[in-house]
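These notes concern the structure reproduced below.
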Amino acid sequence: MLQSIAKDAPVLVGAAIGLLAVIGLGEALRLTRRITPETSRQFIHAATGLFAAAVPFLFRHPESVYLLSSVFVLVNLTGMLRGWFPAMHGVRRRSTGTVTFPLALIVAVAACWSTDPGRLFAIPVAFLILAISDPLAAIVGTHKANPLCLSISKGEKTLAGSAAFFLSAFVISTMVLLGCKAAGLIEWTTGDIIVAALGVAAVTGAAEILSSGGWDNLFIVIAAIVFLVHFDEHPQSRYVLLGALGIGVLFAWLTLRMRFLDMSGAIAGGLLAVTVVGIGGWGWAVPSFAFFVLSSLLSKLGGAHKASIEAQYEKGHVRDAGQVFANGGVGWIMLLAHTIWPDPVFYWAFLGAFAAAAADTWATEVGALSRARPRLITTFRKVPPGTSGAVSVWGLVGAVAGAVVVWMTTLPFPMAEQTGISSFPGGLAVIVGGLIASLVDSLAGATIQIQYVDPQTGNVTERPVIGAPAHIVTRGYRCIRNDQVNLLCTLCGAAFAAICFGLTF
């Protein structure tokens, strides 16, 4: 490793000086007051993106890129926390973008260069989109002539800004891929390139819409690289990806129309649908669809009875992007990891995550139908229905049923047999892991999840304020809400299944 870095030392030093010079130039322009901190940030973002796109042509060894990127992760994180580099960190909105940018380069090099140098063509595509399309969308989107906005996640995205991102990403992808074809880096037809460019523009556009707080720098890169790697290495399913885009759009529209998901949730769900259908195949898609559809239908049962209980929840039954990520994010990551580094353990972890999500969701929905009062998992005293951390017999039955259904949906597909998940140990790992994860969710809900007391009624609730006076914190941590607890639940389910795979095979 040290020898590789030594061979790249001149380029490494030059790159570090060049990047610092870009930051210095942005700072100088900001101090002259000729540009705003937002503009200086976009300038640095674009210049750094162009450098990242050229990384495969500048360095001889990936270890040098890891070193350079790691240094800038630490420097930018320190600068963000201490308020250094106002040209990057002087904007009003708090953003981790300066940290996630070099982190995205680390992920890209690990997924492409270190794994298979034949994937290097994907890095310029991803980072040129990040360098050009991302700031272009911000510039177009903030123009006063664009009043049409979509309230997505924690911010607003304009239709014009999103359109500018999509069109520019399509043009950039097409041009770079044509250049890669001319250079002999890929053996695609012109039709393949057009289809790939459309797909990259769609998935990176969705990632940009859904991301906030600077995380788009990471998710745009991941979306582009995973799509391009799969497209290149699975030529027999290239046009399946195009069909998957249509399925994703249909899924998003249906879930929005049926009020299963709000706008942000529909976009996130649509992107997940594209991934599991186009990249994973039906062995991955059916379990995830079964969870989302059946859980959403189950939430509609007993509406009148559940109305008073749902008033205590932080969020209602119409799920947003945060809930989609909390329930499906871990499984999603397992699929992406399997795409880059194929291994059966990721499939087990994928099913473990969705079994945990189903067990937790079904326990809540089925338990809420019971007239009997549940018991708090830490003290076993009876508490009002809907209390975080409460468990009941019917809830446990629902948890087991949810995990069983997720596992059973895999059985008709070859993937289950190929990975051994259809075996008795595989099924037991998924079902037991889902049940254990749902209990971990209840334990976290009863201890570390933030809970409030309504001073007017004395009721415990997950909602910080419903009118006035403000609700009072009774237990837990403000940074741990329902979505974080659900994420912990799915992580436990995935980890249990992965450990069982390691012990079994």
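None of the figures in this text is laboratory data; all of them are computed from the coordinates on show. Owing to the predicted nature of the structure, the values given are computational and were not obtained by experimental measurement. When we count neighbours, we look across all protein chains shown, and the Cβ atoms used for this are built from the backbone with ideal geometry, even at glycine.
Fewest neighbouring Cβ atoms within 10 Å first, the residues M258, M334, M408, M80 line up as M258, M408, M80, M334. Per-peptide packing, taken as the mean over residues of other Cβ atoms within 10 Å, places 411-418, 58-65 in the sequence 58-65, 411-418 from highest down. For the pair segment 1-54 and segment 399-415, the centres of their Cα atoms are 50 angstrom apart.
Among the lysines of the chain, pairs at least eight places apart or on separate chains and with Cα atoms under 27 Å apart come to 10. Against the chain, whose longest principal axis is taken from its Cα atoms, helix 393-408 shows a tilt of about 40°. Mind checking the angle between helix 37-58 and the chain's longest principal axis? C-alpha axes, 0 to 90 degrees, to the nearest 10. The angle comes out at about 70 degrees.
Put simply, when 207-220, 224-237 are sorted by average Cβ atoms within 10 angstrom per residue, most first, you get 207-220, 224-237. Taking 0.36 nm per residue of sequence separation and removing the Cα-Cα distance, the L411/A372 pair yields an extension gain of 10.5 nm. Near L261, the amide H atoms lying under 5 Å from its own belong to L256, R319; only residues 5 or more places off or on other chains count, and H is placed 1.01 Å from N.
Computed from label points 7 Å out along Cα-Cβ, the spacing between W282 and C479 is 4.5 nm.
For the pair I139 and L159, what calculated FRET efficiency results from E = 1/(1 + (r/R0)^6), where r is the Cβ-Cβ distance and R0 = 25 Å, to the nearest 0.05? Don't skip to the answer; put the middle values down first.
Working: r = 15 Å, r/R0 = 0.59.
Working from the Cβ atoms, E equals 0.95.
Extending 7 Å from the Cα toward the beta-carbon at both L20 and L250 defines two label points whose distance is 5.6 nm.
If each Cα of segment 364-459 is one equal point scatterer, what is log10 of I(q)/I(0) from the Debye formula at q = 0.10, 0.22 Å⁻¹? With no solvent term, the Cα-only Debye profile gives -0.36, -1.05.
For the peptides 399-407, 476-484, residues were scored by their other Cβ atoms within 10 Å and the scores averaged per peptide; the highest-first order is 399-407, 476-484.
Taking 0.36 nm per residue of sequence separation and subtracting the Cα-Cα distance, how much length would be gained by fully extending the chain between D116 and V318, in nm to one decimal?
68.5 nm
Defining a contact as two alpha carbons under 8 Å apart and six or more residues distant in sequence, what relative contact order in percent does the chain show? In percent, rounded to a whole number, it is 11.
Principal axis extents of the C-alpha atoms in the chain (largest first, rounded to whole Å): 70, 56, 47.
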